[in-house]
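The structure appears below as structure tokens.
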Amino acid sequence: MNRLFDEWERRAALEEERRSAAAAFAERAAELEASLAEYERRVVKACKAPLPRDPEGLGAMVAAHKRLEAEVQAREPDVAQVKNLFAAIPQKTPKEQAKLDKVSVQDLSTRGGPIGQADSQYKFQSIFETF
């Protein structure tokens, strides 16, 4: 009888550990997802804005782009922390895996689009050549 009770206590402790780890992961992943969504909104807004026709305006646009890139790069430790929190979850669910995939750096680097360095350099270089 004691063995059954000990087994029940062990399973309850494991389940509590899983809930705690999953909650910490979900909280940090939600914060990171919100900040990445804000960066994406800013990129989309910048892409839809008309390109400046004067060198000063273009320089300001390049500087803003570099600041945005630096801000995104500064979030890499947060992504690593979310990955570590995910690794600490004993039994992972597909929902948790999907949330990790959504905020992982690998996902960001494969998206391409307007935040890609080659795209922006080509766009800015071709504009500078017109002046």
Where N is the number of residues in segment 30-107, Cα Rg divided by 2.2 N^0.38 Å: 1.43
Virtual spin-label span in nm between residue 13 and residue 69, 7 Å along Cα→Cβ: 5.1
Karplus-derived 3J(HN,Hα), 6.51/-1.76/1.60, for each residue of segment 81-94, Hz, glycine and proline x: 5, 5, 5, 5, 5, 5, 5, 7, 6, x, 10, 8, 9, x
Estimated FRET transfer efficiency when R0 is 30 angstrom, pair residue 88-residue 6 (beta carbons, to 0.05): 0.80
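Coordinate-derived values only; no laboratory data. In this text the structure is predicted, and so the values were computed from the model without any measurement. Backbone-built Cβ (ideal geometry, glycine too); neighbour counts: all protein chains shown.
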